[in-house]
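Enquirer: Below is a structure I'd like to ask you about.
The values are calculated or read from the model by the stated rules, or taken from the named source; none is laboratory data. A quick note: this is a predicted structure, and the numbers were derived from the prediction, not measured. Note that we place each Cβ from the backbone using ideal geometry, even for glycine, and neighbour counts take in every protein chain shown. Please note that ligands, DNA and RNA were not included when accessible areas were found on the heavy atoms of the full protein model with its side chains. Shrake-Rupley method; radii C 1.70, N 1.55, O 1.52, S 1.80 Å.
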Amino acid sequence: MADGTKDTKSSNQMWGGRFASGPDAIMEEINASIGFDKKLFAQDIRGSIAHATMLAHQGIISVDDKDKIVHGLSTILSEIETGNFEFSRQLEDIHMNIEARLAALIGQAAGRLHTARSRNDQVALDFRLWVKEELQKTEAMLTTLIAAFLDRAEEHAESVMPGFTHLQTAQPVTFGHHCMAYVEMFGRDRSRVRHAIEHLDESPIGAAALAGTGYPIDRHMTAKALGFREPTRNSIDTVSDRDFAIEFLSIAAICGMHLSRLAEEIVIWSTPQFGFVRLSDAFSTGSSIMPQKKNPDAAELVRAKTGRINGSLIALLTIMKGLPLAYSKDMQEDKEQVFDAAESLELAIAAMTGMVRDMTVNTQRMKAAAGSGYSTATDLADWLVREAGLPFRDAHHVTGRAVALAESKGCDLAELPLADLQSINPAITDKVYEVLTVEASVASRKSFGGTAPSEVRKQIAFWRARN
């Protein structure tokens with residue numbers, strides 16, 4: 001297998017003599033998966049060691065054969081990790097590559113490893129283990145991203161900025177409160193990750209091809225050895241299930257969407273027209289022709305990664321949607337989608353964590369923008385309800401007239417003379433000016449989950465305790 005030549009006999013050994021000649025070039029090309037499923041080498045070896053150990057414990061193979069198998073598999077693991085293992089395309093996949101090498105290392109004992117299992121439950125096991133480990137990695141990365149936002153939120157619990165709806169100035173908020181919105185979003189992503197780990201925490205090994213096995217295996221033993229909660233409960237579903245992969249991609253797509261929304265805001269905020277934040281050179285690039293440009297390329301690329309992740313989800317859903325039970329070869333196409341999405345998601349989370357920690361926040365520019373667009377109009381309406389006793393709909397109408405008057409005079413609400421305000425409604429007094437500043441506006445929003453600095457700090461404390 002190491003010299004790269006085509007060995008028809010070895011490539012057909014797995015079929016037990018059913019085919020007289022090897023597959024032609026087209027079949028070999030479409031059938032081989034070693035180009036991507038070699039990522040599963042560690043999981044495959046781990047699963048095989050657990051399986052062999054169980055077989056020996058149950059008296060299905062000898063302890064001596066088990067010891068040879070475990071030693072051989074450990075040797076192969078070392079060879080792959082050190083780059084001294086040559087993968088053969090003629091052997092199709094990671095499972096047959098490892099099995100062939102094991103036979104070369106330990107001889108006949110290698111043939112006993114595949115007792116009471118099939119490649120169907122073997123690949124299901126390897127893939128589950130890989131996805132579980134990737135979800136655990138994603139959970140840790142999201143925790144780090146949340147921590148970065150908590151630090152920025154605490155730093156800017158009182159920094160006033162405009163809050164937007166329809167990307168139009170709506171009401172003043174604090175930058176800390178805005179950061180905490182992303183804490184909530186990524187917190188939900190992390191919760192979905194944890195639920196996904198719980199859902200997939202069942203061991204497939206022992207389901208065999210689709211019907212289980214007649215050997216007296218102990219599936220609870222292998223499940224425990226591999227860190228699963230328990231074995232799966234239906235052998236047909238076990239080998240045909242890829243829900244765990246689809247759920248990973250669904251989570252990745254939702255998280256990618258959140259990352260993309262954040263990336264879009266960073267792109268907007270870093271424009272000269274907004275000037276709310278500035279990224280360092282570590283997360284920006286220049287223009288090949290315009291020397292004044294500083295482009296937020298890292299954010300733009302995070303935004304683009306979402307398209308790749310979404311495409312992977314749709315691809316796997318489409319692959320699985322028409323498959324009868326149990327296993328079909330179509331399912332070989334599941335892994336590339338998950339591998340690509342996982343790489344994209346990891347990179348996007350890491351880049352965004354770096355940008356959140358890196359960006360310089362222009363609090364003065366944010367504060368100036370917070371007062372634009374008559375953002376304290378709702379505060380005037382609330383004051384009329386609270387102090388003048390107007391129904392809110394009437395207060396809304398009065399406030400609208402005040403905004404129109406301010407627009408006609410080219411000034412802010414707080415700059416309108418009291419006489420002008422009283423010409424709209426005589427109940428207005430000079431105390432109204434106390435609520436027309438952006439600082440007063442945010443300080444007044446003390447409802448649970450509101451933007452008042454005191455409430456922002458409560459939510460920061462809550463999340464620090466659970467992060």
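Enquirer: Convex hull over the alpha-carbon atoms of region 215-337: what's its volume per residue in Å³?
Expert: About 173 Å³ per residue, rounded to a whole number.
Enquirer: Same structure, new question: According to the Cα gyration tensor, what semi-axes, each the square root of 5 times an eigenvalue, does the equivalent ellipsoid of region 28-113 have, listed from largest to smallest in whole Å?
Expert: 23, 13, 11
Enquirer: Here's another thing I want to ask about it. Given the DSSP H assignment, sum -39500 (n - 2.57) over each helix run of at least 4 residues in the chain and divide by its residue total; what's the result at 222 nm in deg cm²/dmol, nearest 500?
Expert: -20000 deg cm²/dmol
Enquirer: Further, regarding this structure: With the crude spin-label approximation of a point 7 Å out along Cα→Cβ, what separation in nm comes out for Asp420 versus Met257?
Expert: According to this spin-label approximation, the distance is 4.4 nm.
Enquirer: Using only the alpha-carbon atoms, how far is helix 297-320 inclined from the longest principal axis of the chain? Give it as 0 to 90 degrees, nearest 10.
Expert: Approximately 50 degrees, to the nearest 10.
Enquirer: Quantify, in whole percent, the carbon and sulfur part of the accessible surface of the chain (1.4 Å probe; protein heavy atoms only). Walk me through the numbers before you get to the answer.
Expert: On the way: 11660 of 21990 Å².
Percent of accessible area from carbon and sulfur atoms in the chain: 53.
Enquirer: Please compute P(r) over all alpha-carbon pairs of region 192-267, binned at 10 Å starting from zero, and give each bin as a whole-number percent.
Expert: For region 192-267, the pair-distance distribution reads 18, 36, 23, 13, 8, 2, 0.
Enquirer: Rounded to whole Hz and in sequence order, give me ³J(HN,Hα) for region 48-54 from the Karplus expression 6.51 cos²θ - 1.76 cosθ + 1.60, θ = phi - 60°, writing x for Gly and Pro.
Expert: Per residue, the Karplus-derived 3J(HN,Hα) values read 5, 5, 5, 5, 4, 4, 5 Hz.
Enquirer: What ranking do 25-31, 227-233 get when scored by the average of other Cβ atoms within 10 Å per residue, highest first?
Expert: Descending packing order for the listed peptides: 227-233, 25-31.
Enquirer: Here is a further query. How much accessible area per residue does region 28-113 have, in Å², with a 1.4 Å probe?
Expert: Computed with neighbouring chains in place, this is 43 Å² per residue.
Enquirer: Let me ask something else about it. Going by alpha carbons, how many degrees (0 to 90, nearest 10) lie between the helix axis of 334-358 and the longest principal axis of the chain?
Expert: Roughly 40 degrees between the two axes.
Enquirer: Using amide H atoms built 1.01 Å from N in the peptide plane, name the residues 5+ places from Met161, or on other chains, whose amide H lies under 5 Å from its own.
Expert: Val173, Thr174, Phe175
Enquirer: When the Karplus curve 6.51 cos²θ - 1.76 cosθ + 1.60 is applied with θ = phi - 60°, which whole-Hz ³J(HN,Hα) does each residue of region 441-447 get, with x for Gly and Pro?
Expert: Going residue by residue, I get 4, 5, 5, 7, 7, 9, 4 Hz, with x marking Gly and Pro.
Enquirer: Show the residues, 5+ positions off or on another chain, whose built amide H is closer than 5 Å to the amide H of Ile61.
Expert: The answer is Ala56.
Enquirer: What are the semi-axes of the equivalent ellipsoid of region 119-368, taken as the square roots of 5 times the eigenvalues of the Cα gyration tensor, listed largest first and rounded to whole Å?
Expert: Value: 44, 19, 14 Å, ordered largest first.
Enquirer: Here's a follow-up. Could you give the accessible area per residue of region 371-465, probe 1.4 Å, as a whole number in Å²?
Expert: Heavy-atom accessible area per residue stands at 53 Å².
Enquirer: Can you give the extra length, in nm with one decimal, that the chain gains between Thr429 and Arg194 once fully stretched, where that is 0.36 nm per residue apart less the Cα-Cα distance?
Expert: Numbers: separation 235, 0.36 × 235 = 84.60 nm, distance 5.48 nm.
Separation in residues times 0.36 nm, less the Cα-Cα distance, equals 79.1 nm.
Enquirer: Something else about it: Could you work out, for region 129-222, what percent of all Cα-Cα pairs fall into each 10 Å distance bin, beginning at 0 Å and stopping at the bin that holds the largest distance?
Expert: 14, 27, 22, 16, 10, 8, 4
Enquirer: Can you tell me the Rg and Dmax of region 371-465, counting just the alpha carbons, in angstroms?
Expert: Cα only, region 371-465: 15.1, 52 Å (Rg, Dmax).
Enquirer: Also, I was wondering about something else. Tell me, what does the Kirkwood hydrodynamic radius of the chain come to in angstroms if you use every pair of distinct C-alpha atoms? Show your work: numbers first, answer last.
Expert: Details: mean 1/r = 0.0376 Å⁻¹.
Roughly 26.6 Å, rounded to one decimal.
Enquirer: Take every DSSP beta bridge whose two residues both sit in the chain, then give the antiparallel share in percent to the nearest 5. Don't jump to the answer; show the numbers that get you there.
Expert: Values: 9 of 11 bridges.
About 80 percent, rounded to the nearest 5.
Enquirer: Which lysines, on any chain, are close to Lys321 with Cα under 30 Å apart, when same-chain ones fewer than 8 places away are left out?
Expert: Partners found: Lys38, Lys39, Lys132, Lys137, Lys305, Lys329, Lys335.
Enquirer: Just to confirm my numbers, what's the Cα centroid distance between region 198-237 and region 386-437 in Å?
Expert: So the two Cα centres are separated by 70 Å.
Enquirer: Same structure, new question: Modelling each spin label as a point 7 Å along the Cα-to-Cβ direction, I'd like the Phe164/Phe274 distance in nm, to one decimal.
Expert: It works out to 0.5 nm between the two label points.
Enquirer: For region 397-409, in order, what is each residue's ³J(HN,Hα) by Karplus, 6.51 cos²θ - 1.76 cosθ + 1.60 with θ = phi - 60°, in whole Hz (x at glycine and Pro)?
Expert: Rounded to whole hertz, the list is 5, 4, 5, x, 5, 5, 5, 4, 5, 5, 4, 5, 8.
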